[in-house]
Amino acid sequence: MLPIAIVAAYSLNVYSLLPGEHGFTLDGWRAFIHSSVYLGLFWKSVKMSLIVSVAVVALAYPLAYYLALSGTKRKYVLLLVLIAPFLTSYLLRVLAWKVILGNEGVLNTFLFWTGLRSHDHPISQLLYSRFAVMLVLAYVWLPFVALPIFVSLESLDRRLLEAATDLGASRWQAFLRVTLPLSLPGVAAGFLFVFIPTLGEFVTPSLVGGTSGYMYGNQIVDLFATGFPDWETGSVLAIFLLGVVTVLTAAFSRFLQGRQVAGT
Amino acid sequence: MDAALSKNAARVLKVFFAFVVVFLYAPILILLIFSFNDSDFPAFPLTGFTLHWYHEFLTNPDLKGALETSAIVAALSSICAVLLGVLASIVLVRRRFLGKAAVSALLLSPLVIPYVVFGVSLLLLFHRLGIPRSMLTVVIGHVVISLPYTILVLVPRLEQIDVSLEEAAYDLGAGPLRTFRSITLPLILPAVVSAFLIAFTTSFDEYAVASFVVGTRTTFPIFLYSALRFPNQLPQVIAVAVVVIVVSLIVVIGAELGRRVVERRLEALES
Amino acid sequence: MEDGRDLFERRLSREDLLKLAAATGGAGLVAGRAGLAEAARAQLAAESGRLQVLDWAGYGNDGGQSMFAAYVKAHPKNKPQFSYMTNEADALAKIHAGAKADLFRPYVGWVKYFATSGLVQPWNPKLITNFKHLNSFMVKAGQYQGKQYGIPDDWGFDAILYRSDKVKPKARSWGLLFDERYKGKIAWYDDITMIQMAGLYLGFKDTWNQTDAQLKKSQNLLKSKKHLVKLFWSSETNLWEAFGSGEVWIAYAWPNDWVQMKKKGLKVVYMKPKEKPLAWVGMFMLLKGSSRPKLAHAYVNAWSSAKSGKWLEDNYGYGHANTLARPSSSDLLRALQLTNPKAVTLPNAYLDRDIPRRALYAKAWEEVKAS
């Protein structure tokens, strides 16, 4: 019985997002669609999230591959070591980077100290930039993304690989033709795990993003929390994000189901 | 010949793995170093060793209040999340009903909803219902967020348990509650503990949703966030950061290892 | 002779009577005042608990203790407890969310808004002994429909702070914040005052009441120059961090920021642009549901003393509404034009004021940030 109550609560949740404050109108939506500013910001966030997600998946794959397929004895412990940072405080890890990237932060003062750069020429593009936001987000999500890829690689039937090499394929070909396709569900899951939260990110951009690192999530927060609250526009932006995310998730699960059928 | 990896490839990957681990832990290590540094700003060169910052944060009443609030919220929300999670998991694993896929998708949906959307919708919901924002609203928000994690931990464990054990109990005349208490619960206990810990750490660290629905008391992450934007208390914050990270690392790794050990023992008992 | 003595006696007795009357009157007055003081103290005693103050960062127990030290001394059982506002809109949101504050400190541009919002009640200046020393122009600015809704406290300017060793401005103008030569080294303030400033630069007559067309122009100017800006600061310490470490060389800033950067040893200039700087005055406001109005008055009184004023000027580089407060440094005296009681208004500066179309300004600013 109780789970049904939970489900009811969820649907209420989503319902409340409708910009019903001033009656159900489509004006907010019209303004949004015609406004190049908000959609432009959304695109900017999509681009940043894509870069981060692709980079993270690309980096996480070899890690998961090593853990799952190299036959190392302590793979679960190592996996835990890899994931543990993700389970510590997010804000504090962002703080660590803020401390590192500033003009007089750890990295730059280290360079001064060792004489690699003079005091007058610190590397300023590190902090308060799009680069900073993407670097920090990648850092935060990397551990977590390795997990689904690891799971799908671990359940890989080794005999398939051996069969491929017996038939004359090189390791590389075996990887491309057998391992990679079979691990795609894990990759897809990992990609979603980082892409979706990153799209709505606002904490990291507000701490290390400066003006150029401002993202879609920041705009939503600003419309609700600061300035003169504009709940209508904020709701519109939020629902738009939710819509995109839902479509993406649905598309990916269709894709995954299709793969599973093909794989058997 | 190893079909998956050549010896060279394995070596390269091993180095890469080590590199990444260093990259992951290095910033934490840097925080550790600077928490002992005798200076207002974290920068090289190091100026001297001090325990001053640790002492300062221990006597900071705002900070302690925030820690307390977060602890209470985390405890309450994780207990609820675990209770609901156990119920939901049992229903999902043991019962058959229409629309199971839809329900489980809905229950797990917070995993793929950006927290900003979540925070906003909760804010609007509470506003509509006229519920004032307070610690309670944060607890509710956190229960919803933690629930998927608890379900994800409990369902696999429940699936692993041999149903025949429960059926045997019924045959012997035990009611569902008795069965649960004596058979199911002990077997899933490690997973329950894991779920509780995951829910607790998730709630303790959660900023995004809390920032939307918190009342006048601050939670620890909210305190941290304003400390980060008003960095006149930076060294103290770094000291706190180190403590929290180290403690959570120990708790998480310890709990996970503990869980595996206990579960292996229980599986041995089952067979 | 008896008449004389009679008269004398009568005079004496009249004097006696007068003296007696004076004595009893005086005693009565003293007794009366004592009675009043008792009553007041009893009233204060009825007001219990810690005084809840909603203020900006730096004005509470995180640095501002000297401002209200006298209050703490007199009311040790009702020490202030602080919650923080990042700006007035934030305070408004917190009040709506049920924050239990007794008083807070918005700035002069919001006086009308809050006075008409039903959230605040007017002060009773008679309960504030330092009130008579407060700058009369500023006092007037805190009134609405004849009632004293805001008690002025600190004041200062919005102008431009820049590194004199790195920056050579082409003109003494707001345009320095839009200077293409210093791309990536500029900081703006994250607030709609940027729109007002843009309006000043563009020469609009009433930048607080821009028409749709003017608003669009201001917005476009800001959007077109946004790529030069490294960050929008909303907390001063964030600005100090970035400015102090050399991330930015030019910033939209307050006098205190100039003071702090000088303390760090940087070569900085606080420039008053020819289009005129903006000026602001902090206004203590008393919230309507407060259960501690008398304590609030006492707190404000402590804040309004010349001693507190001097501390504020010496340490935060802001002016104080108490006209008797003088800083130790003559540099500061000159820079803030503290001898000019009308420093915050024309011809010196534009005093911040109510913005009738605030919601539109907010929307325009959000769009600038998003672009």
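The values are calculated or read from the model by the stated rules, or taken from the named source; none is laboratory data. Every value quoted in this text rests on a predicted model; they were computed, and no experiment measured them. Quick reminder, even Gly has a Cβ in these numbers, built from the backbone with ideal geometry, and neighbours come from all protein chains shown. Quick note on the areas: whole protein, heavy atoms, side chains included, nothing else; ligands and nucleic acids left out. Shrake-Rupley method; radii C 1.70, N 1.55, O 1.52, S 1.80 Å.
Remarks
- Residue check for B:Ser194: within 30 Å of C:Asp90 (Cα to Cα), among the small types (Gly, Ala, Ser), within 14 Å of chain A (Cβ to nearest Cβ) and assigned to a helix (DSSP H, G or I): no
- Scan the range A:207-217 for residues that are surrounded by 24 or more Cβ atoms within 10 Å (Cβ to Cβ) and at the interface with chain B (Cβ under 9 Å from one of its Cβ atoms) and the total you get is 2.
- Filter pass, B:Pro235 being touching a residue at least 24 places away in the same chain (Cβ under 8 Å), open to solvent by less than 50 Å² (accessible area, probe 1.4 Å) and over 30 Å from B:Gln160 (Cα atoms): yes
- Scanning the range C:198-215 for residues that are open to solvent by less than 40 Å² (accessible area, probe 1.4 Å) and either more than 16 Å from C:Arg357 (Cβ to Cβ) or assigned by TED's automatic domain parsing to the domain that holds C:Thr86 (or both) gives a single hit, C:Leu200.
- Of all residues in the range A:163-182 being within 31 Å of the chain's Cα centre (by Cα), at the interface with chain B (Cβ under 9 Å from one of its Cβ atoms) and within 17 Å of B:Lys7 (Cα to Cα), the one that is most open to solvent (accessible area, probe 1.4 Å): A:Arg171
Let's see how each residue does on (1) more than 9 Å from every other protein chain (Cβ to nearest Cβ); (2) farther than 27 Å from B:Leu32 by Cα; (3) open to solvent by 60 Å² or more (accessible area, probe 1.4 Å):
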residue: A:Val94; (1), (2), (3): no, no, no
residue: A:Val99; (1), (2), (3): no, no, no
residue: A:Glu104; (1), (2), (3): no, no, yes
residue: A:Thr114; (1), (2), (3): no, no, yes
residue: A:Ser124; (1), (2), (3): no, no, no
residue: A:Leu127; (1), (2), (3): no, no, no
residue: A:Arg158; (1), (2), (3): no, yes, yes
residue: A:Leu161; (1), (2), (3): no, yes, no
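- Which listed residue is of a type in the set (Lys, Arg), under 22 Å from B:Ala66 (Cα atoms) and either within 13 Å of another protein chain (Cβ to nearest Cβ) or in a helix (DSSP H, G or I) (or both), from C:Lys94, C:Lys73: C:Lys94
- Evaluation of B:Ala227 against (1) more than 10 Å from every other protein chain (Cβ to nearest Cβ); (2) more than 15 Å from the chain's Cα centre (by Cα); (3) buried (at least 20 other Cβ atoms within 10 Å of the Cβ) (one fails), failing number: (1)
- Taken over the range C:220-232, the residue count meeting the criterion of being buried (at least 21 other Cβ atoms within 10 Å of the Cβ) and either more than 10 Å from chain A (Cβ to nearest Cβ) or touching a residue at least 60 places away in the same chain (Cβ under 8 Å) (or both) is 2.
- Residue satisfying all of: in the range A:50-88; part of a loop (DSSP other than H, G, I, E, B) and within 7 Å of another protein chain (Cβ to nearest Cβ); surrounded by the fewest Cβ atoms within 10 Å (Cβ to Cβ) among these: A:Ser70
- Within the range B:164-185, tally of residues that are open to solvent by 60 Å² or more (accessible area, probe 1.4 Å) and of a type outside the set (Ser, Thr, Tyr): 9
- Criterion applied to C:Gly142, C:Gly175 was being closer than 22 Å to C:Trp233 by Cα, open to solvent by less than 40 Å² (accessible area, probe 1.4 Å) and touching a residue at least 12 places away in the same chain (Cβ under 8 Å), and the one residue passing it is C:Gly175.
- Summed over the range B:124-145, residues that are in a helix (DSSP H, G or I) and either surrounded by fewer than 23 Cβ atoms within 10 Å (Cβ to Cβ) or more than 8 Å from chain A (Cβ to nearest Cβ) (or both) total 15.
- Selection within the range B:242-271 - crowded, with 17+ Cβ neighbours inside 10 Å and not hydrophobic (A, V, I, L, M, F, W, C): B:Ser248, B:Glu256, B:Arg259, B:Glu263
- Among residues of the range C:62-76 that are crowded, with 21+ Cβ neighbours inside 10 Å, those with a Cβ under 7 angstrom from a residue that is of a type in the set (Gly, Ala, Ser) and at pLDDT below 90, sequence gap 6+ or separate chain, pair up as C:Gly64/C:Gly58.
- Only residues that are part of a helix (DSSP H, G or I) and modelled with pLDDT under 75 were counted across the range B:228-255, and they come to 6.
- So C:Asn238, is it in contact with a Pro (Cβ under 8 Å, 6 or more places away or on another chain) and either closer than 30 Å to C:Ala370 by Cβ or open to solvent by 10 Å² or more (accessible area, probe 1.4 Å) (or both): yes
- Filter pass, A:Thr179 being modelled with pLDDT of 85 or more, hydroxyl-bearing (Ser, Thr, Tyr) and in a helix (DSSP H, G or I): no
- Helices (runs of 4 or more DSSP H) within the range B:1-120 that include 1 or more residues of a type in the set (Phe, Trp, Tyr) and free of Cβ contacts under 8 Å to residues at least 40 places away in the same chain: B:7-35
- Selection status of A:Ala189, touching a residue at least 24 places away in the same chain (Cβ under 8 Å) and open to solvent by 20 Å² or more (accessible area, probe 1.4 Å): yes
- Test: B:Val103 is open to solvent by less than 40 Å² (accessible area, probe 1.4 Å) and in contact with an Asp or Glu (Cβ under 8 Å, 6 or more places away or on another chain): no
- Residue check for C:Lys112: part of a helix (DSSP H, G or I) and either more than 14 Å from chain B (Cβ to nearest Cβ) or modelled with pLDDT of 85 or more (or both): yes
- Condition met for C:Asn238 (closer than 30 Å to C:Gly58 by Cα, of a type outside the set (A, V, I, L, M, F, W, C) and either assigned by TED's automatic domain parsing to the domain that holds C:Glu180 or in a helix (DSSP H, G or I) (or both)): yes
- Test: B:Phe118 is modelled with pLDDT of 80 or more and aromatic (Phe, Trp, Tyr): yes
- Residues of the range B:82-93 include at least one that is more than 10 Å from chain A (Cβ to nearest Cβ) and over 18 Å from the mean Cα position of the chain (by Cα).
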